[in-house]
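Report on the structure given below.
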Amino acid sequence: MEGVCIILDNQHSCKDIYIRAIVGEPVELPDTVTATYNDGSQRSVSVKWDQDELDQALRIGIGTHVIQGIVEGGETVKAYLDITPKNYVVNPSFEDQDRTMWTIIYRNGTSPHTDYLEKAADAKSGNYSLHFYSSEAVDFQVEQTITGLEPGYYDLSMFLQGGDASDAEIYLYAKTGGKEYRAAAAVNGWLNWSHPEIHDIYIGDGTVTIGVSIKANGGAWGTLDDFQLYRTK
């Protein structure tokens, strides 16, 4: 993302820039930022980033790091570098139109009562989420099987919001190596996002099935979004 400088009376006032990167991947900060003058004109000016701070951020890895930069003319600018773990869930927030990697199972004779909702107001991020509602009974699970993982320990999480579930059993799960891991969840109102997490899932054979199970009374509703599975050790 390119930074912006506002230059008044030859003084640089620069907006900080924000960059996201996956841990372990190379990071390139921009060579220039855009300078905006008080007459409305713009031009690119060079910026020199603190290489030691960048190297330290890459060594530390996951987290948000601040890299100082000096703009042509001596003014300073900051780059906020957010390094995140690699997410092994495919289409984790349902934004891609191909959603065949997800399997939805309706249980106990219930009719289909989910849909991929295009409504940013009901999504944790992006425009889409998995929406559920039934006037009779909510009873389904949604899951994805992930293969080719490096053996090790992983963490799993997702976001959930909704309401009117007075009698509900909701949990996040991971199944691997004949073992099932669970984390209980609940819905507590519109945009009151819960964030169930499962830690230290040992995946030895490279395969795991992750998902959410929701069973609730008629009238219950909600949305699921932003699944994340990442390797911790």
**OP:** Mind telling me which of TRP49, TRP221, TRP102 comes out most flexible in a GNM of the chain, alpha-carbon contacts under 10 Å?
**Re:** TRP49
Subject >> Ordering of 107-114, 207-214 by packing [mean C-beta count within 10 Å, highest first] >> reply: 207-214, 107-114
**OP:** Could you list which residues have their amide H under 5 Å from that of SER44, counting only those 5 or more apart in sequence or on another chain, with H placed in the peptide plane?
**Re:** ALA35
Original post:
With θ set to phi - 60° and the Karplus curve 6.51 cos²θ - 1.76 cosθ + 1.60, what are the ³J(HN,Hα) couplings of the stretch 125-139 in order, to the nearest whole Hz, using x for Gly and Pro?
Top reply: 8, x, 10, 10, 8, 8, 9, 9, 6, 8, 6, 9, 8, 9, 7
**OP:** Kindly write out, for the stretch 151-158 in residue order, the coupling ³J(HN,Hα) from the Karplus curve 6.51 cos²θ - 1.76 cosθ + 1.60 (θ = phi - 60°), rounded to whole Hz, with x marking Gly and Pro.
**Re:** x, x, 9, 10, 10, 10, 8, 6
Original post:
Which of the lysines could be linked to LYS124 by a straight reach, that is with a Cα gap under 16 Å, when you skip same-chain ones fewer than 8 residues away?
Top reply: none
Original post:
Tell me, what ³J(HN,Hα) does each residue in the stretch 87-98 have, in order and in whole Hz, if you take phi through Karplus 6.51 cos²θ - 1.76 cosθ + 1.60 with θ = phi - 60° and put x for Gly and Pro?
Top reply: 8, 8, 6, 8, 6, x, 10, 6, 6, 6, 5, 7
Subject >> Assigned charges on the beta-carbon of Lys, Arg, Asp, Glu; the chain dipole about Cα centre (debye) >> reply: 500 debye
Original post:
Considering only protein heavy atoms, what per residue accessible area in square angstrom results for the chain with a 1.4 angstrom probe?
Top reply: 52 Å²
Original post:
With labels modelled as points extended 7 Å from the Cα through the Cβ direction, what inter-label distance (nm, one decimal) is found for TYR153 paired with ASP55?
Top reply: 3.1 nm
Original post:
For the pair ASN108 and SER166, how long in nm is the line joining their label points, each one 7 Å along Cα→Cβ?
Top reply: 1.7 nm
Subject >> Residue-averaged 222 nm ellipticity for the chain, from DSSP H runs of 4+ at -39500 (n - 2.57), nearest 500 >> reply: -1500 deg cm²/dmol
**OP:** With Cα Rg over 2.2 N^0.38 Å in mind, check [x] 1.29; [y] 0.90; [z] 1.00 and report the label derived from this structure.
**Re:** [x]
Original post:
For LYS119 and ALA186 in the same chain, what is the full-extension length gain: residue separation times 0.36 nm, less their Cα-Cα distance, in nm?
Top reply: 22.0 nm
Subject >> Peptides ranked, highest mean first, by Cβ atoms within 10 Å: ranges 132-142, 192-202, 161-171 >> reply: 132-142, 161-171, 192-202
**OP:** Could you list, in their original order, any pairs among LYS86/LYS233; LYS179/LYS215; LYS78/LYS119; LYS86/LYS215 whose Cα atoms are separated by more than 24 Å?
**Re:** LYS78/LYS119; LYS86/LYS215
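The values are calculated or read from the model by the stated rules, or taken from the named source; none is laboratory data. In this text the structure is predicted, and so the values were computed from the model without any measurement. Cβ coordinates were reconstructed from backbone atoms using ideal geometry, including for glycine residues, and neighbour counts include every protein chain displayed. Just so you know, the surface numbers come from the protein's heavy atoms only, side chains and all, with ligands and any DNA or RNA stripped out. Shrake-Rupley method; radii C 1.70, N 1.55, O 1.52, S 1.80 Å.
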